[in-house]
Amino acid sequence: MKITVIGTGYVGAVHAACMADIGHEVLGVDVDADRIRALASGRAPVHEPGLDEILARTLASGRLRLSTSLADAAAAASTHFICVGTPQRSDGQAADLRYVDAVIDGLAPHLRPGSLVVGKSTVPAGTAVRLGARLAATSPGTEVAWNPEFLREGSAVEDTLRPARLVVGVASAHAEAVLRAVYAPMLRAKVPFISTDPTTAELVKVAANAFLATKISFINAMAEVCDAAAADVAVLSAALGADPRIGPRFLQSGLGFGGSCFPKDIRAFAARAAQIGAAESVEILNEVDRINLRQRRRTVDRARELLGGSFTGRRVAVLGAAFKPDSDDVRDSPALAVAVAASREGADVLVHDPQALDNARATCPELTYASDVPKVCDDADLVLHLTAWQEYRKLNPASLAEVVRTAVLLDARNSLDPQPWWSAGWTVCVPGRPLLSPSALPSTSASSGRGGEQCMPS
Ligand code: UDX
């Protein structure tokens with residue numbers, strides 16, 4: 001099939017490359033000429049496992065081509081995917097739809113009757129219906145459908161080629177048939193295909209993100225309760241997750257969620273619900289957001305406490321800048337938020353990250369960066385573990401203890417094994433878990449809930 005993908009950022013670049021890889025003739029379109037030039041020479045806009053190889057393959061085969069023109073797009077195909085961003089509006093919590101609207105307005109004069117425009121961007125419920133009417137006004141015989149994207153950064157290619165489900169919101173049998181043809185290899189592989197109306201499809205995406213964000217904030221709220229009750233959230237989480245009705249995923253307590261999706265999507269959902277008279281139904285999302293942002297403040301408070309009450313003149317080593325591991329994305333990164341807060345309170349902050357240093361430097365030039373963990377920890381009064389990279393689990397606590405000034409670790413991600421750090425003489429503080437200090441009596445197991453006072457007694 002011939003298709004176009006308009007917007008070649010995270011979602012669009014991956015979608016365009018993967019659709020070409022499964023055999024379609026794809027034209028990727030973006031207003032950003034630099035991005036199009038980079039893509040045409042095989043350079044992906046983001047660090048994403050597998051994407052470079054697929055780009056090289058599909059560009060070489062000629063199945064992926066690129067352009068900056070919407071007129072080219074309209075001429076190249078009759079099925080167009082919209083993958084432009086829907087950021088948070090600068091004047092409030094709602095989604096900014098100007099880029100989606102601009103694509104519709106730019107395409108409208110060029111489209112032929114029978115064309116299908118398929119939105120993948122995350123949008124407020126009702127957007128597809130509104131855009132369909134807007135498009136039909138200037139371009140009769142055309143249609144808008146919605147096919148939300150569920151890909152996660154770090155596994156975007158895999159999530160696109162082998163999705164857990166496909167959801168399409170369509171207003172006609174023709175639109176459903178087109179989308180079944182686009183995703184034919186996935187349907188042959190028995191990926192569930194859920195066909196519904198466009199508004200329900202839009203809601204599936206925001207409701208899925210809202211549910212996952214709620215699960216994360218729930219376990220973080222439980223970590224707060226564990227701190228107050230002198231209990232252990234790691235054991236609590238494992239025990240909750242063992243119930244098949246609950247399940248263990250997205251039940252990892254820590255510094256909370258960040259990135260380009262969850263925070264803005266739950267706010268946009270709440271804003272849209274208020275517009276349509278359903279504010280009360282999603283009031284929980286405001287609390288989810290508050291709990292999430294509170295984890296950053298609590299981490300800063302704990303760090304200050306561990307430093308004896310003040311950051312001023314103290315050296316703080318930060319492990320992690322990306323919003324999550326296996327990503328170089330620092331957008332709304334909880335790790336950077338904590339690092340900046342410590343720096344603003346007078347700490348000398350040195351940041352390490354395996355992939356995100358360039359993006360972190362560009363976003364927070366006031367911090368100091370280094371690509372070597374021992375260098376970052378040199379003479380540190382406190383080590384903050386803020387992004388759960390696998391490589392941090394392989395660190396040698398004994399050799400790091402020799403380079404720091406004071407062997408105190410705050411594992412805000414609750415993802416390091418505390419026992420080897422403790423054995424190597426470190427004080428280990430994990431939110432929601434008992435404090436392990438060298439003076440405390442050894443416990444038989446770090447997850448037993450014994451062996452020390454709580455990280456920050458309330
Ligand atoms: C998310 C959704 O998963 C995806 O379906 C949607 O399309 C875009 O938003 P992504 O932002 O890439 O994807 O990251 P994800 O892996 O879902 O993690 C989101 C955040 O939650 C990260 O900051 C992560 O560190 C945090 N998280 C995740 C936790 O704090 N605890 C957990 O148990 C899981």
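The values are calculated or read from the model by the stated rules, or taken from the named source; none is laboratory data. Since we're looking at a predicted model, the values are computed, not measured. Note that each Cβ is placed from the backbone with ideal geometry, even for glycine, and that neighbours are counted across all protein chains shown.
What to note about this one:
- Qualifying residue in the range 388-396 (condition: among the aliphatic types (A, V, I, L, M), within 24 Å of Pro334 (Cα to Cα) and either surrounded by fewer than 24 Cβ atoms within 10 Å (Cβ to Cβ) or touching a residue at least 12 places away in the same chain (Cβ under 8 Å) (or both)): yes
- Residue match in the range 334-345 (condition: assigned by TED's automatic domain parsing to the domain that holds Trp389, at pLDDT 95 or above, surrounded by 19 or more Cβ atoms within 10 Å (Cβ to Cβ) and farther than 16 Å from Asp301 by Cα): no
- Checked against the criterion of being away from the ligand (no atom under 16 Å from the Cβ), touching a strand residue (DSSP E or B) at 6+ places or on another chain (Cβ under 6 Å) and at positive phi, the candidates Ala128, Ala230 yield just one match: Ala230.
- Residue check for Leu319: among the hydrophobic types (A, V, I, L, M, F, W, C) and in contact with a Lys or Arg (Cβ under 8 Å, 6 or more places away or on another chain): no
- Test result for Val46, in contact with a Ser or Thr (Cβ under 7 Å, 6 or more places away or on another chain) and in a loop (DSSP other than H, G, I, E, B): no
- Reported count of residues in the range 186-200, each being part of a loop (DSSP other than H, G, I, E, B) and touching a residue at least 12 places away in the same chain (Cβ under 8 Å), is 4.
- Flag for Ala210 being of a type in the set (Gly, Ala, Ser) and either within 11 Å of the ligand (Cβ to nearest atom) or part of a helix (DSSP H, G or I) (or both): yes
- Count of the range 151-185 residues which are in contact with a helix residue (DSSP H, G or I) (Cβ under 8 Å, 6 or more places away or on another chain), in a helix (DSSP H, G or I) and either assigned by TED's automatic domain parsing to the domain that holds Gln355 or more than 16 Å from the ligand (Cβ to nearest atom) (or both): 2
- Filtered by the rule that a residue be more than 10 Å from the ligand (Cβ to nearest atom) and either under 16 Å from the mean Cα position of the chain (by Cα) or of a type outside the set (Gly, Ala, Ser) (or both), the range 245-263 gives Arg245, Ile246.
- Candidate set: the range 380-421, residues that are under 20 Å from Ala341 (Cα atoms) and of a type in the set (Asp, Glu); chosen: the one nearest to the ligand (Cβ to nearest atom): Asp411
- Any hit, the range 270-287, residues being assigned to a helix (DSSP H, G or I), farther than 30 Å from Leu410 by Cβ and in contact with a Phe, Trp or Tyr (Cβ under 8 Å, 6 or more places away or on another chain): yes
- Unique match (being free of Cβ contacts under 8 Å to residues at least 40 places away in the same chain, buried (at least 18 other Cβ atoms within 10 Å of the Cβ) and either closer than 24 Å to Arg130 by Cα or among the small types (Gly, Ala, Ser) (or both)) among Val31, Val100, Val11: Val100
- Qualifying residue in the range 408-422 (condition: in contact with a Pro (Cβ under 8 Å, 6 or more places away or on another chain), small (Gly, Ala, Ser) and either more than 22 Å from Gly346 (Cα to Cα) or at pLDDT below 95 (or both)): no
- Index of the failed condition, Ser61 passing every other in (1) within 23 Å of Asp101 (Cα to Cα); (2) surrounded by fewer than 18 Cβ atoms within 10 Å (Cβ to Cβ): (1)
- Some residue of the range 121-133 being assigned by TED's automatic domain parsing to the domain that holds Leu97, without any contact (Cβ under 8 Å) to a residue 60 or more places away in the chain and either part of a loop (DSSP other than H, G, I, E, B) or among the aromatic types (Phe, Trp, Tyr) (or both): no
- Applying the criterion of being within 25 Å of the chain's Cα centre (by Cα) and away from the ligand (no atom under 16 Å from the Cβ) to the residues of the range 308-351, the residue that is farthest from Thr363 (Cα to Cα) is Ala317.
- For the range 291-306, the set of residues classified as under 15 Å from Met222 (Cβ atoms), under 20 Å from the mean Cα position of the chain (by Cα) and among the charged types (D, E, K, R) consists of Arg294 only.
- Taking the listed residues Arg290, Arg267, Arg272, the one that is closer than 30 Å to Leu436 by Cβ and away from the ligand (no atom under 12 Å from the Cβ) is Arg290, with no other qualifying.
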